[in-house]
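Reviewing the structure listed below.
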Amino acid sequence: MSEAVSILVVDDSSFNRLVLKRRLAELGYENVSTADDGRQGLAAIEAGRFDVVLLDLEMPELDGIGVLEQLHAARGAAPPVIVISALTEMEKIVRCIELGAEDYLPKSFDPPLLRARLAAVLEKKRLRDLADQRLAALETELESARLAQLSLVPRDFTAIAPAGLTLAAEMIPAKQVGGDLYDAFRVGDRHLLVTVADVAGKGAPAGLTMARSVGLIRAASRLIVEAGRLPDPAEIVTHANDDLARENESQTFVTIALAIIDADSGEGRICIAGHEAPLLLSAAGCRVFGPYTRQPPMGALEEFTYRSDPIALAPGEALFLFSDGVTEAEGASGHFLGRDPVHHRLAAAPTAPPDAVVAAALETVSAFVKGAPQADDITVLAVRRA
């Protein structure tokens, strides 16, 4: 396979370039390009694809350290570099290794040593390329899983909400696949079910539990409706918990806030299980919903009977549900956002439509974290009575 290996020799000495090309040819490496100095070498690396670069340390204008500094600063997919050096240049060799050089080659160009150094570097490159390919394939699969997960939650809020209610929601996974969920669908002609839940953990395992939870909530609601009754949120959560808690060896818990609201009267009921208490928005401002029954999350206790609490939205009032990814958003300082900034932001526009409420909450999080990596899934949902 040596004939398929592409090598670039960067050396200002024509004698060194000639010797290296002959040594490489003797070892079976025929695909060898050369550059007369560091600048030509950088241009060649940018223009072509090389499996390894043999880089002279001492060159006029731009030496080997300068080339490595530019490659290091670019943070691109540069080929592995073997530095050509004299044995008296160990301090500079160490600096080159710090800048990303894989190895060094004495200027004696001893064939067995040259063969060994090239073989070791090319094997490391092969393993890195293989790891990159597998990582790319994994990222493709995770992106497919993320899109599949997002397809589980509703997006056409106008078609979902019955007359008298408006709705908006957003879910932003911390990883490609997250453990948060929201759902909203009509129950009968005039009732709307809305829910936000948070699976303990993140990533693919949490995403699978999220998908399972969505299915359980919808199935329980459908069964109760088919029995000729309006579902009580507590009954739905109890049914879902019975399935999640059974043989829950992984101790996966799901916090949830689930409400069913009558679009005509604004009245309904809500079940909160280990979840953040929702907010109520009105012309008077923003307040935390309560009092409410405090209960364990789903999956924690088998055969637990959940309870719901009454809720009522007067004309113009809104219910805001969210996961703890909002209040526990972590800034660069390591501190959490907390509830107060969200309260203040939403209280400043208490009669805004649901999509504006959702946007304001997400903007509050974004302004706080200031580009810091997202530590947890973020989900928000707002429903307002006309």
Inset, instruction - Hey, can you tell me all the residues within segment 57-102 that are among the β-branched types (Val, Ile, Thr), part of a helix (DSSP H, G or I) and under 22 Å from Leu20 (Cβ atoms)? - result: Ile65, Val67, Thr88, Ile93, Ile97
Legend entry - Condition met for Ala161 (at pLDDT 80 or above, surrounded by 14 or more Cβ atoms within 10 Å (Cβ to Cβ), among the aliphatic types (A, V, I, L, M) and under 30 Å from Leu208 (Cβ atoms)): yes
Legend entry - Residues satisfying the stated conditions in segment 320-344, i.e. in a helix (DSSP H, G or I) and out of contact with any strand residue (DSSP E or B) (no Cβ under 9 Å at 6 or more places or on another chain): Asp340, Pro341
Inset, instruction - Under 7 Å between Cβ atoms, at least 6 apart or on separate chains: pull out the pairs that start in segment 108-134 with a residue that is closer than 17 Å to Ala25 by Cβ and end on any residue that is in a helix (DSSP H, G or I) and of a type in the set (Phe, Trp, Tyr). - result: none
Inset, instruction - Spot the failing condition for Asp264; the list is (1) farther than 17 Å from Val199 by Cβ; (2) buried (at least 23 other Cβ atoms within 10 Å of the Cβ); (3) not hydroxyl-bearing (Ser, Thr, Tyr), and only one is missed. - result: (2)
Legend entry - Subset of segment 2-36 (residues that are over 23 Å from Gly66 (Cα atoms) and outside any helix (DSSP H, G or I)): Val5, Leu27, Gly28, Tyr29, Glu30, Asn31
Legend entry - Members of segment 1-26 that are of a type in the set (A, V, I, L, M) and more than 22 Å from Ala86 (Cα to Cα): Met1, Ala4, Val5, Ala25
Legend entry - Candidate set: segment 251-286, residues that are in a strand (DSSP E or B), of a type outside the set (A, V, I, L, M) and closer than 18 Å to Val214 by Cα; chosen: the one nearest to the chain's Cα centre (by Cα): Thr255
Inset, instruction - Might you let me know whether segment 40-49 holds any residue that is at pLDDT 90 or above, of a type outside the set (Lys, Arg) and not in a helix (DSSP H, G or I)? - result: no
Legend entry - Residues satisfying the stated conditions in segment 209-225, i.e. over 17 Å from Pro154 (Cα atoms) and in contact with a Ser or Thr (Cβ under 9 Å, 6 or more places away or on another chain): Thr209, Ala220
Legend entry - Looking only at segment 266-298, and only at residues there that are touching a residue at least 40 places away in the same chain (Cβ under 8 Å), out of contact with any Lys or Arg (no Cβ under 7 Å at 6 or more places or on another chain) and of a type in the set (Gly, Ala, Ser), the one that is nearest to Leu346 (Cα to Cα): Gly285
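Give segment 288-311 a look and list any residue that's in a strand (DSSP E or B) and either within 34 Å of the chain's Cα centre (by Cα) or surrounded by 15 or more Cβ atoms within 10 Å (Cβ to Cβ) (or both), or say none.
Passing the criteria: Val288, Met298, Asp309, Ile311.
The values are calculated or read from the model by the stated rules, or taken from the named source; none is laboratory data. For clarity, every value in this text was computed on a predicted model and none was experimentally measured. Positions of Cβ are generated from backbone atoms using ideal geometry, with glycine treated the same way; all protein chains shown enter the neighbour counts.
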